[in-house]
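Working notes for the structure below.
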Amino acid sequence: MKLATSQLFDAGDLILNSGTKLPAVQLAYETWGELSADRSNAILMCHGYTNHQHTTGDKSGWWPNTVGPGCAVDTNKYFVVCVNMLGSAYGSTGPASTNPATGVPYGPDFPETIIGDLIAAQITLLDHFGIDQLAAVIGFSYGGMLTFEWAHRHPDRMRALVIVASGMRSWRTPQDIDNLRARFANCADWNDGHYYEHPAAVIDELKKIRLETLTRYGIGKYVEDTSGETAAPPILDDMALAWARQFDANALIGLGHTTLTYDARPNVGKIKAPLLYVLSSTDLLFGPELAQPTMAMLKKAGVDASYFEIDSIYGHYAPSADWQKWEAPLQAFLTQKVAK
């Protein structure tokens, strides 16, 4: 489902790491700011696992206070682009897209991908814009994994890296993916993943999963604190249902599976760009215990790396909820490291 705020780019055929040709790929994306004449001021934003390309522009963006005019990522200065990940559910080619070979959605037959394939798709759009080197790559959560991968796969294509609430290897296990598949397999009309004609039961399960996620990520706590305990349950219910109607069970499974081969640690020595690593003090997904080993590994490899911890009660949601707490370090890092 393409967002109304997004545009579509026809990327053509994409050869995946597996050798499979994915035909007629489309990528949904959004941009803010203006690309400079020398095309040197572009920042690539990489979104989270179940999120989308609408980073800013209004309150429905996932970082409206961090990206925008006069913000830490200042769109008066930078040209910011965010691409919906290949295999996602917000307009880019994914499992819910029509398979040209069959005329029906790919569903579970969508080709397996690795993180490198998602980056290769992003590159097609950057090449379209004529952007040879990015001012920075900034990634949140799943997008942070893309950013670590960008760092060693294409070390000369950015001048700075910002990795937020993420890690150097996946938080997912094969058992997690098996459990996720099993949850949907128990839904009526699942039809081995070809559920699109009768989605009601799968949407109900997606809603349950989203409510669990909102709690685990700290969003539930934030809604309670800002709207009140009585108002919070219906607000969270509406949020979960809206997401469930937009997202795709096969994308949830597929993008989760994509992370299983991800491990940036063996390639840390290839990173050239200075890096800012940001974690939340209460994150249950990528907790502050990752800071010491990650920074030690980066420093040992000679990476110009710095660390900032957001002191927050909002867990994985802290970079959004407590954006003011890391605004200054982010702005200072970009000012110091991005200049060309």
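The values are calculated or read from the model by the stated rules, or taken from the named source; none is laboratory data. Just so you know, these numbers come straight off a predicted model, no measurement behind them. Cβ atoms come from the backbone with ideal geometry, glycine included; neighbour counts cover every protein chain shown. Areas reflect the complete protein model, heavy atoms only, side chains present, ligands, DNA and RNA absent. Shrake-Rupley method; radii C 1.70, N 1.55, O 1.52, S 1.80 Å.
Side notes on the structure shown:
- Inter-label distance, Phe129 to Thr20: 2.8 nm, where each label sits 7 Å from its Cα along the C-beta direction.
- For the chain: relative contact order, % (alpha-carbon pairs under 8 angstrom, 6 or more apart): 18
- Sorting the Cα pairs of the range 168-213 by distance into bins of 10 Å, from 0 upward, gives 26, 48, 22, 4 percent per bin.
- Within a Gaussian network of the chain (alpha carbon springs, distance under 10 Å), most fluctuating of Ser97, Ser170, Ser18: Ser18
- Treating each Cα of the range 21-106 as an identical point scatterer and summing with the Debye formula, the log10 of I(q)/I(0) at q = 0.12 Å⁻¹ comes to -0.43.
- The range 66-187, relative contact order in percent, only Cα pairs under 8 angstrom and at least six apart counted: 14
- Taken along the Cα-to-beta-carbon direction at a fixed 7 Å, the label points for Gln7 and Asn179 span 4.2 nm.
- FRET efficiency, Glu327 to Leu284 (Cβ-Cβ, R0 25 Å, nearest 0.05): 0.60
- Between Ala160, Ala201, Ala151, the residue with the greatest mean-square fluctuation in the GNM of the chain (Cα pairs under 10 Å linked by springs) is Ala201.
- Counting only heavy atoms of the protein chains and using a 1.4 Å probe, Ile219 has close to 20 Å² of accessible surface.
- For the pair Met297 and Ala242 in one chain, pulling the backbone fully straight at 0.36 nm per residue adds 15.7 nm over the alpha carbon distance.
- Residues with amide H under 5 Å from that of Ala96, placed H, sequence gap 5 or more: Gly107
- Entries of Lys2/Lys207; Lys77/Lys325; Lys2/Lys325; Lys221/Lys337 with Cα pairs more than 28 Å apart: Lys2/Lys325; Lys221/Lys337
- Taking only alpha carbon atoms, the range 233-340 gives an Rg to Rh ratio of 1.04, where Rh is the Kirkwood radius.
- For the pair Asp156 and Leu260 in one chain, pulling the backbone fully straight at 0.36 nm per residue adds 34.8 nm over the alpha carbon distance.
- Rounded to the nearest angstrom and listed largest first, the equivalent-ellipsoid semi-axes of the chain from its Cα gyration tensor are 30, 24, 20.
- Area accessible to solvent at Leu14, 1.4 Å probe radius, in Å²: 20
- Each pair of Cα atoms in the range 150-231 enters the Kirkwood radius, and Stokes-Einstein at 4 °C and 1.567 mPa s then converts it into a translational diffusion coefficient of 79 µm²/s.
- Reported to the nearest whole Å, the Cα centre-to-centre distance from the range 88-108 to the range 196-214 is 19.
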